[in-house]
Every structure is written in C-alpha cells, then in structure tokens.
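In what follows, a single structure is set out as structure tokens and then discussed.
Each reported figure results from applying straightforward, stated rules to the coordinates on display, with no laboratory input. Quick caveat, the model's predicted, so the values are computed rather than measured. FYI the Cβ positions are ideal-geometry reconstructions off the backbone, even for glycines, and counts take in every protein chain you see.
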Amino acid sequence: MVSTQDQQSIPLQTRALREYANRRSWKIAMQVKEVGSGASQRERQEHLLEAARRGEIDVVLVWRLDRWGRSVIDLLATLQELEHRGVGFVSLTEALDLTTPAGRAMAGLLAVFAEFEREILRERVRAGLAQARQDGQRLGRPATAALHADQVRKLRRAGLSKSEIARRLEIGRTSVRRMLAAKEQ
C-alpha cells in the first residue's frame, strides 16, 4: 500500500516495496495504491483484508504505518485481525516487521498506546458532557412525547384507552403509560 500524498514518490515507494518483497522471496499477490483518503482508502484496505480472510495473502507490506491505520486503535484492530488470521504485517519505513518476535513485541506496545488513546478519548467525552451539563444544555433525546402530556391526560379522562391515545397522538404506548403514571404519583 503506497501513498499519493507526494506524487513524485510513488515510483520510489513501489520500487522499494518490490525490492523488499524480492529480498524476502515473497510473491506479490496484489498491489494497492491509495489515490485519495477517507472512504476510498478504507474500501481498498477492506479488499486487502478480504483477501487475507480468504487466505490469499500471507503478508501485508506497507510503505508507512499511516497508510494502514487512521488511529492507533484502528491500526491495532486490523493488525490483531491479521495476526489472528496468520497474516504477517511489515511497514517498510518504520522497520516494523510483525513476522518477527521483536515486531510482535512492538505490536504489544502499540496495544498499550491504543488503550491509552481510548482512555484519553473517554476522558474528553466525559469532560465535554460535564461542561455541557454545567452550561445548562439538556443531554439525550428530546422529550417530544412529553409535549403531549396535557392532551394525554385529557383524552384519558374522556375514556380513551392508552393504545388509542398513543395512536391519535402518534406517540408510543410506553410514553402514554409513563405520563399517566407520573400524574398519579
């Protein structure tokens, strides 16, 4: 997998990857060139993963780690899937070779950093939610059914069933039950 960020370096990247594969006596089963980022990259990577799942490839060789994963978490998840399927992974620029014991140890370190990244993300989300609450923002789904509370009580006093009230007001029966139960308390 090569990058088109620097258009002039594509031949250099491809040549270096081919030379590395030849030195290791690897047969090239497929070549993926990233022509963009985002969805197109994910689609091409998914084709490569599908080939790994079918057992058509033994090793994934990339120019750089950032060609493979969008984040440490994403990188680790796909590396773990490849490892689970018995497919090696080599990043030429970073000299990361998960087909060796030292490379697998490096993958363990990546797992630690991925967990660290997840924890930081959780903390940021919690802090953001706390700040939103402190600023008086209401979190969660909007209380749309509760806007009908007066109508629900009025229709119930008129003798309508909870199901009929829900149908007429186009809200859930559970919402009708909750509003009626809240009034009784």
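Report, by chain and number, residues whose modeled amide H sits under 5 Å from the one on LEU96, excluding near sequence neighbours (fewer than 5 apart, same chain). Those lying under 5 Å, H to H, from LEU96 are SER91. Across ARG54, ARG104, ARG173, mean-square fluctuation computed from a Gaussian network of the chain (C-alpha pairs under 10 Å connected) peaks at ARG173.
Around the amide H of GLY88, modelled in the peptide plane, lie the amide H atoms of VAL59, VAL60, all under 5 Å away and 5 or more residues distant in sequence or on another chain. Across GLN134, GLN80, GLN45, mean-square fluctuation computed from a Gaussian network of the chain (C-alpha pairs under 10 Å connected) peaks at GLN134. Whole-Hz Karplus values for region 154-165 come out as 4, 5, 5, 5, 6, x, 6, 6, 4, 5, 5, 4 Hz, taken residue by residue from phi with 6.51 cos²θ - 1.76 cosθ + 1.60 and θ = phi - 60°; glycine and proline positions read x.
Given R0 = 22 Å, the distance between the Cβ atoms of ALA105 and ARG23 translates into a calculated FRET efficiency of 0.45.
Computed from backbone phi, the HN-Hα couplings of region 10-22 come to 4, x, 4, 4, 4, 4, 4, 5, 5, 5, 4, 4, 5 Hz, rounded to whole numbers (Karplus: 6.51 cos²θ - 1.76 cosθ + 1.60, θ = phi - 60°; Gly and Pro given as x).
The slack between THR93 and ARG42, meaning 0.36 nm per residue of separation minus the straight C-alpha distance, is 16.3 nm.
To make sure I understand, if each residue's beta carbon is the centre and we count other beta carbons within 10 Å, what order do VAL72, VAL176 fall in, fewest to most?
On the way: VAL72 18, VAL176 27.
Exposure proxy ranking, most exposed first: VAL72, VAL176.
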